[in-house]
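Report on the structure given below.
The values are calculated or read from the model by the stated rules, or taken from the named source; none is laboratory data. Nothing here was measured: the structure is a model prediction, and the numbers come from that model. For neighbour counting, all protein chains shown are included, and Cβ atoms are generated from backbone atoms with ideal geometry for every residue, glycine included. Each accessible area value is taken on the protein alone, full model and side chains, heavy atoms only, with ligands, DNA and RNA left out. Shrake-Rupley method; radii C 1.70, N 1.55, O 1.52, S 1.80 Å.
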Amino acid sequence: MKAVLKEQPPDPMDFLIRQLQAAKAADEEEVEKRSVEFPKKKIELPSVDERHNQGQSNLQRPAARKLPELGREDERKYQAVQEEKRKPEIATLGGRKTPEIATSSGSTRRWDRERWQLEETQTKAAEVQEEKEKLQPLVQPKKKSTGFSKKIKALHDRWFDELNDAFLADCDVRRTCINDVLAQMPETIKTDRGCMLEAVKIDSDAFKHADISLKADKQFVLDMLQIEGDSLSHAHDDLKADRDVVIAAVQTYGESLKYARRDLKADPEIVFYAVQVAGMALKYADIYLRADEQIVLEAVAQNFHAMEYADNRLKSNRDFVKLAVKANGHSFKYADVSLRSDKWYMHGIVSISGDALQFASDELRADREIVLAAVRRNPGALRFARGDLDQDEDVLDAAGI
């Protein structure tokens with residue numbers, strides 16, 4: 001019995017290959033047709049020698065135009081004419097030739113905007129130069145400072161050497177020696193800014209020997225105050241009434257306030273600057289500002305002795321005195337007597353500052369409660385106790401002894 005062969009289904013991969021081969025054959029046929037219709041032109045390239053000869057010819061510069069045989073004068077004129085002809089063709093902008101664009105009429109047009117800007121700049125520069133030339137004869141050159149001659153410089157050096165020697169002398173004769181040297185100050189130093197500044201660096205009293213022109217010079221006095229704040233005492237009276245000068249002085253040396261004019265001593269800002277630097281400047285302030293709590297507290301914080309110059313109403317003011325003791329406990333020394341003998345008030349004061357016990361009345365310094373409160377705040381306050389309290393066990397325990 002013969003076997004029955006079943007028909008196999010077509011392979012998809014073989015079918016795809018046949019399709020690609022048919023498409024490739026069609027493309028080759030199409031390319032062959034086009035090559036017949038449009039034959040390729042053969043391009044002949046120059047040989048190596050031909051290219052070399054062509055490059056050499058390009059490097060050669062064009063021969064210069066021969067001028068007709070003329071005399072020197074005619075030749076110069078001919079060159080000038082040729083230059084005039086060439087000017088319209090070449091416009092230089094920043095040292096380069098402007099591009100030209102050919103038009104249908106065969107003429108050329110330039111970049112007018114750039115050319116106009118250049119011409120305008122050149123015109124303005126020419127006008128400025130003309131103005132400078134006109135004004136030049138009117139401007140006088142500054143004369144250079146000739147300075148001091150060698151003889152004067154030698155004199156200055158010798159005087160400064162003497163001043164330095166006097167400054168290094170023994171304490172008991174130093175002031176006398178310095179005053180003697182200052183009295184012999186040369187006139188050229190008295191009028192010279194640099195020399196005077198150097199002299200003041202050695203001794204502040206040198207400024208009082210300066211020429212009046214320097215004492216009245218605001219800028220020079222301001223420079224002097226940076227070195228020595230007390231220099232305001234030797235400045236001209238007009239500068240002692242100048243607010244800027246006085247502020248500069250008190251910020252360097254607070255007690256310069258005493259040299260200021262009376263109306264400036266009543267200026268709260270100036271007085272505040274002064275007491276920040278030196279609390280004792282409060283004594284030079286106007287009487288109304290010595291009753292100002294903020295200014296007085298600032299002065300007491302810097303120096304407790306300033307409390308002495310506070311207004312009496314503040315010294316007897318319980319709240320203010322407590323604030324002053326917080327700023328500096330020793331300021332209680334200048335509090336009103338009535339407060340220093342008040343037991344209840346004194347108890348609160350020594351609780352803030354134990355050292356305030358030394359300024360209490362003798363009766364309260366022997367009071368056990370007051371002494372205990374002071375010693376708890378500051379064990380060192382035990383030395384201010386009176387009586388036998390320095391032997392009391394509770395007091396000694398509070399002091400940590």
Relative to the present Cα-Cα distance, how much length would full extension add between Ala183 and Gln226 at 0.36 nm per residue of separation?
-> 13.1 nm
Please name whichever of Val275, Tyr334, Ile349 sits farthest to the positive end of the charge dipole of segment 244-401, dipole taken about the Cα centre and charges placed at Cβ: Lys and Arg +1, Asp and Glu -1.
-> Val275
How big is Rg to Rh over segment 295-401, alpha-carbon atoms, Rh as the Kirkwood inverse-mean-distance radius?
-> 1.00
Approximate spin-label separation Ile352-Ala126, in nm, with each point projected 7 Å along Cα-to-Cβ | 8.6
What's the FRET efficiency of Ser338 with Leu155 using the Cβ-Cβ distance as r and R₀ = 51 Å, to the nearest 0.05?
-> 0.15
Gained length - Asp170 relative to Arg318, 0.36 nm times residue gap less alpha-carbon distance = 48.2 nm
Considering only the other residues whose Cβ falls under 12 Å of the Cβ of Ala199, what net charge follows from Lys and Arg at +1 and Asp and Glu at -1?
-> -2
Quick one: dipole size for segment 262-401, taken about the Cα centre, charges +1 on Lys/Arg Cβ and -1 on Asp/Glu Cβ, in debye to the nearest 20.
-> 220
Determine the share of segment 258-401's accessible area contributed by carbon and sulfur atoms, expressed in whole percent, with a 1.4 angstrom probe.
-> 44
Out of Thr191, Val250, His156, whose Cα points farthest toward the positive end of the dipole of segment 151-309 (charges: +1 Lys, Arg; -1 Asp, Glu; placed on Cβ)?
-> Thr191
